[in-house]
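All remarks here apply to the structure that follows.
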Amino acid sequence: MSIYYTGKDDSNRRLDRVLRKMFPQAGLSQIFHLIRKGSIKINNKKVRPDTRICEGDEITVHGLASPAVDRKKTKPQNKNNLSEFSRLSKMIIFKNEHLLALNKPDGLLTHGTGSLDELVRDYWSLNSSPSLSFRPGPAHRLDRNTSGLILYSLSLYGARNLSLFFRQGAIDKYYLALLDGELNKEESWIDRIERNSKDKRSFASGSGKLAATVVRPLLKRKGRTLALCAITTGRTHQIRAQGMLHGHPLSGDIKYQGSNISGGYLLHSLCLRLKDDKAVMFFPPLWAPLTVKARRLLTSFFSTPAVMEALKSIHEELLPEEGLL
């Protein structure tokens with residue numbers, strides 16, 4: 001027999017759904033069978049699969065192996081773990097009870113082994129109330145070699161609201177991109193693109209989903225453009241694919257026909273801000289500074305004063321109440 005205690009983020013969730021989160025290896029029919037025969041109880045009482053859980057309930061479980069993921073809080077045990085927590089702390093742009101905003105470096109995976117997901121979940125396990133069914137996760141995703149702002153939910157309330165915000169287009173999203181070719185004026189890129197799961201590329205397709213990006217040149221010199229890209233949709237590889245389709249692939253993005261430059265492409269999630277300052281789950285406008293690596297890349301194509309002035313100008317435009325960068 002195993003005993004588990006529910007947390008705040010388990011409250012008002014159905015028992016069967018909480019158990020599916022806890023025991024992903026178990027089939028739903030097996031969970032239903034154990035509940036009906038009384039092998040799984042709440043507060044020592046026989047219940048139905050659709051029973052709603054309350055914070056602090058005691059769930060006793062007979063007949064299921066221990067959860068695949070340890071639900072207990074653990075502290076870092078060695079210097080390697082401590083260095084990982086320190087690494088994540090340096091990425092934090094903003095944090096509250098419901099969300100975590102990070103400045104992800106390029107080269108770091110969002111999902112999988114050794115990913116940002118693992119860092120965030122370890123951090124969350126030490127800094128939040130325990131939960132049987134909730135685990136923090138990204139509200140959107142960034143490619144491995146894309147840097148900048150990424151939002152993680154730290155509560156069920158945060159997960160639901162962030163998902164709603166992105167689905168409804170309630171968040172303005174701005175990226176910096178280094179493009180091949182010189183863009184002379186602002187352009188609106190409207191396409192339909194589709195994902196090829198075999199070669200993991202997005203391509204133009206009449207049956208694809210709408211992709212909309214407004215691209216504004218900030219600096220241009222010797223066949224390169226530093227552009228501010230505002231996206232109103234969120235398709236996989238959207239800016240990378242549309243750049244290629246409109247004759248301005250990201251410099252260094254070989255996968256999408258970009259020129260070959262040392263260090264790979266520069267695509268940086270620069271700013272996220274809510275359209276409505278009275279949104280149900282408010283957070284302030286967020287800005288992710290460029291890394292030293294990214295600044296060095298830009299100053300290899302444009303003068304340092306020009307790069308600094310461009311960043312300052314955009315910061316003042318997008319975050320006017322915060323003053324100078």
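For region 283-292, the criterion of being of a type outside the set (Asp, Glu), more than 30 Å from residue 160 (Cβ to Cβ) and loosely packed, with under 15 Cβ neighbours inside 10 Å is met by at least one residue.
Annotation for region 142-155: no member residue is surrounded by fewer than 22 Cβ atoms within 10 Å (Cβ to Cβ), within 11 Å of the chain's Cα centre (by Cα) and not charged (D, E, K, R).
For region 209-325, list the helices (runs of 4 or more DSSP H) that sit wholly inside it and hold at least 1 residues that are under 20 Å from residue 188 (Cα atoms); which are they? Reasoning before the result, please.
Values: elements: 238-245, 292-299, 304-318.
Those helices (runs of 4 or more DSSP H) span 238-245, 304-318.
Residue count for region 127-141, restricted to those that are aliphatic (A, V, I, L, M) and under 10 Å from the mean Cα position of the chain (by Cα): 1.
Can you tell me which residues in region 1-24 are surrounded by 15 or more Cβ atoms within 10 Å (Cβ to Cβ) and not in a helix (DSSP H, G or I)? Full working, then the answer.
Filtering region 1-24 down to residues surrounded by 15 or more Cβ atoms within 10 Å (Cβ to Cβ) leaves 4, 6-11, 13-23.
Within region 1-24, 4, 6, 7, 11, 13, 14, 23 meet the criteria.
Is it true that residue 169 is more than 26 Å from residue 307 (Cβ to Cβ) and out of contact with any strand residue (DSSP E or B) (no Cβ under 9 Å at 6 or more places or on another chain)?
In short, yes.
Within the span defined as region 104-115, one or more residues are closer than 18 Å to residue 175 by Cβ and either surrounded by 21 or more Cβ atoms within 10 Å (Cβ to Cβ) or charged (D, E, K, R) (or both). From the residues in region 132-146 that are farther than 17 Å from residue 273 by Cα and among the small types (Gly, Ala, Ser), which one is modelled with the lowest pLDDT? The extreme case among them is 133.
The values are calculated or read from the model by the stated rules, or taken from the named source; none is laboratory data. Bear in mind the structure is a predicted one, so any value in this text is a computation, not a measurement. Using ideal geometry, Cβ is built from the backbone for each residue, glycine included, and neighbour counts are taken over all protein chains shown.
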